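Asker: One structure follows; several queries about it will come next.
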Amino acid sequence: MSVNRRNAHTEFSKQQILNDSFDRDYMMLGNEVLTENEAGDALVRQKPIATEAKQDTLSRYQTEDFDSLTDTVYIGNQDEDGKWYIKRICISSETVDYAKGDTDYSTSWTGRTSLTYGDFNSIF
């Protein structure tokens, strides 16, 4: 059941919320991205964004294939051990997601449109 939060009230003033959110060490407002859960009865933290440490895990891969003939761009990458990932970029919906595997890159690239894709954090 979704709750209408447009007229929600809090016991804190806007100024108090801003003061409590201010980071004095970095001299800036801090924030945390929250979304409502599917049931609409609680707030949940967003998954963390792709970190630099996780990006380093991709540095061992070399780009093997590139397909940009449609609204969806596919970039195939493989490492020297045969592990692979395919990055899918959908231009119209402005989404980026990934599929990966440990073997059989060639077959996976051929069937790239029917692979199961997920966001960076769920795949890596």
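Asker: Return the pair list, or none, for Cβ contacts closer than 9 Å from residues in region 75-104 that are without any contact (Cβ under 8 Å) to a residue 12 or more places away in the chain to residues that are among the aliphatic types (A, V, I, L, M), at least 6 apart or on different chains.
Answerer: From residues that are without any contact (Cβ under 8 Å) to a residue 12 or more places away in the chain, the pairs are Thr95/Ile89.
Quick grid of which residues meet (1) surrounded by 10 or more Cβ atoms within 10 Å (Cβ to Cβ); (2) under 30 Å from Ser106 (Cβ atoms); (3) modelled with pLDDT under 70; (4) outside the structural domain of Trp109 (by TED's automatic domain parsing):
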{"residue": "Asn7", "(1), (2), (3), (4)": "no, no, yes, yes"}
{"residue": "Asn19", "(1), (2), (3), (4)": "yes, no, no, yes"}
{"residue": "Thr70", "(1), (2), (3), (4)": "yes, yes, no, no"}
{"residue": "Ser92", "(1), (2), (3), (4)": "no, yes, no, no"}
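Asker: Filter region 32-67 down to the residues that are touching a strand residue (DSSP E or B) at 6+ places or on another chain (Cβ under 8 Å), within 17 Å of Val96 (Cα to Cα) and of a type in the set (S, T, N, Q), then identify the one that is modelled with the lowest pLDDT.
Answerer: Within region 32-67, the match that is modelled with the lowest pLDDT is Gln46.
Asker: Output the residue which, of all residues in region 94-118 that are surrounded by 17 or more Cβ atoms within 10 Å (Cβ to Cβ) and among the hydroxyl-bearing types (Ser, Thr, Tyr), is nearest to Leu58 (Cα to Cα).
Answerer: Tyr98
The values are calculated or read from the model by the stated rules, or taken from the named source; none is laboratory data. Owing to the predicted nature of the structure, the values given are computational and were not obtained by experimental measurement. Ideal geometry is used to build each Cβ from the backbone, glycine not excepted, and the neighbour counts take in all protein chains shown.
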